[in-house]
Amino acid sequence: MAKIHLPPYQQVVLIFQGGGALGAYQAGVYDGIAQAHIEPTWVSGISIGAINAALVAGNPPEKRVERLHDFWETVCRPPSMSASFATEAMNFMGMGLEPFQETIKQTINKAFGSYAASMAILEGQNEFFYPRPMAPGFGNPSQISFYDTSPLKGTLERFVDFDRINHKDAMRLSLGATNVGTGNFVFFDNKHMQLGPEHVMASGSLPPGFPATEIDGEYYWDGGCVSNTPLLYIMTESDNKDTLVFQVDLWSSHGKLPSNIFEISERQKDIQYSSRTRAITDAVRNMHRMRQLLLDTIDRVPESVRKADPFFSKMAEQAMGSNFNVIQLIYQNKTGEGQYKDAEFSAESMQRHWTVGLDDIKETLTDPSCLNMPPKGENFVTYDVHRKARFTAECPDPTAPRNAFTDYAFRSSQGQAHKSLTSQISKPKSTSAKTVAKPVAKKPVAKKPVVKAAAKKVIAKPAAKKPAAKKPTAKR
């Protein structure tokens, strides 16, 4: 792949979502990013995304893809001889069966994928997790689960150089987790603390399958219990730097209607984990939009007034923010997968996910314009390779959830209708001119008869009441 020359972003961030065995898709995306010679300055992840993030941050650039391969080949179930034989037999007998090959391939993938997921549930995964004897157990949160994740600690220590992660000049690494006691979403960040394998494991401690991880007397669960994306954390910690973000998600919010109980289970997972990502992305977009509106409002204040009061310059500095370009790479469900796809740790599934991730990032980078800085007047844009579209505040994602204060008309508790601030500001001048012209033309005609009638009544009433007011005076 040819080297990509980026605009002058001050930081390049990789965001890896949680999603179990689907995490190989993220490894494929990073493989493509490395081939394009794009060097990230910050990587953040949750759950399996935290493991991939640690593998990237904890190795030199020339070793990262190799270490990702090492990890995934270690924890995944070895290639199935039966699956290989079935595939080869289908290819051998392919002549005359071309119309049915795709259907046969999907059936084979589904059958052996289901088997791999069943084995992961029954036996665990090599050097990752094993079934806990006498599960789920009892005691504190680190002792209650169906699986024991202690083998993962040794695997991480083998493939991740934590001395490199904790070096003062290291790539920034942020891992999201949930505090079991407080329910707060927390981040372990090598900018603020020393990180070890326990911090990576804490980010992936998804209950009730995996136990909580204890760190300094506190217990932590998977960050996905609160949010499956660290985008908001990245934005608030970015120090007003222009940022290019590769947001690699493993759950797609778009999907077909389920027609059986297994598809319902799969669709429920997709919605549950992707909705939080979309909510965070939309919240960040709206936040940036309001900042832009505040800047536009300040610009309308006369320059002499702004210069006389330092408050305006301080407010503008706070509202300025930074430019964010979010490249979204979202794994799309494949025919033949099921509700167990995040537990399908087979070598064949891993390779398919990796290849899809590599293909998606290559397709994204074929249009380098998607990496451009946001246009003037916009400071937050997103790009989705599968929809071939770039979304901004002026051209929002039509499928995104609406926001009552910025996107559409809403009703207050008193039942009064209000128009959105955005719609009022963005109206064309020609439209506003027409609405002003109509009332002006009607006012003289409507008011003349009303004013005359009212004037006659006012004059007549006082004249009639004056004699009645003199009667008490006469009686004295």
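Odds and ends about this structure:
- Of the residues His167, His199, ranked by 1.4 Å probe accessible area with the largest first, the sequence reads His167, His199.
- 3J(HN,Hα) along the range 164-177: 5, 4, 8, 5, 4, 9, 6, 4, 6, 10, 10, 10, x, 8 Hz, from the Karplus curve 6.51 cos²θ - 1.76 cosθ + 1.60 with θ = phi - 60°, whole Hz, x for Gly and Pro.
- Filtered trypsin sites (Lys or Arg not before Pro), the range 116-178: DSSP coil and at most 15 other beta carbons within 10 Å: Lys168
- In sequence order, calculated HN-Hα J values of the range 54-62 (Karplus, 6.51, -1.76, 1.60; Hz; x Gly/Pro): 5, 5, 6, 6, x, 9, x, x, 6
- Two-decimal ratio, the range 292-348, of alpha-carbon radius of gyration to 2.2 N^0.38 Å: 2.41
- Built from the Cα atoms of the range 122-222, the convex hull projects on average onto 6.7 nm², one quarter of its surface area.
- Highest average packing first - 242-254, 363-375, Cβ atoms within 10 Å: 242-254, 363-375
- Net length available on complete extension from Asn166 to Met193 is 8.9 nm, with 0.36 nm assigned per residue and the Cα-Cα distance removed.
- For the residue pairs Lys307/Lys376; Lys168/Lys362; Lys153/Lys341; Lys168/Lys314; Lys241/Lys269; Lys269/Lys334, alpha carbon separations beyond 26 Å are given by Lys168/Lys362; Lys168/Lys314; Lys241/Lys269.
- Equivalent ellipsoid semi-axes, the range 194-244, via Cα gyration tensor eigenvalues times 5, rooted, Å: 26, 14, 8
- Amide H within-cut-off set for Gln339, under 5 Å, with H built and near neighbours excluded: Glu266
- Translational diffusion of the range 247-302, µm² s⁻¹ [Kirkwood Rh, Cα pairs; Stokes-Einstein; 10 °C; 1.306 mPa s]: 114
- Close amide H pairs (under 5 Å, H built 1.01 Å from N) link Arg390 with no residue at least 5 positions away or on another chain.
- A straight chain from Ser304 to Ala279 at 0.36 nm per residue would run longer than the Cα-Cα distance by 4.9 nm.
- Derived scalar couplings between HN and Hα for the range 292-297 equal 5, 5, 5, 4, 5, 5 Hz in order, rounded to whole Hz, by the Karplus curve 6.51 cos²θ - 1.76 cosθ + 1.60 (θ = phi - 60°), x for Gly and Pro.
The values are calculated or read from the model by the stated rules, or taken from the named source; none is laboratory data. Since the structure is predicted, the reported quantities are computational estimates derived from the model, not experimental observations. FYI the Cβ positions are ideal-geometry reconstructions off the backbone, even for glycines, and counts take in every protein chain you see. Each accessible area value is taken on the protein alone, full model and side chains, heavy atoms only, with ligands, DNA and RNA left out. Shrake-Rupley method; radii C 1.70, N 1.55, O 1.52, S 1.80 Å.
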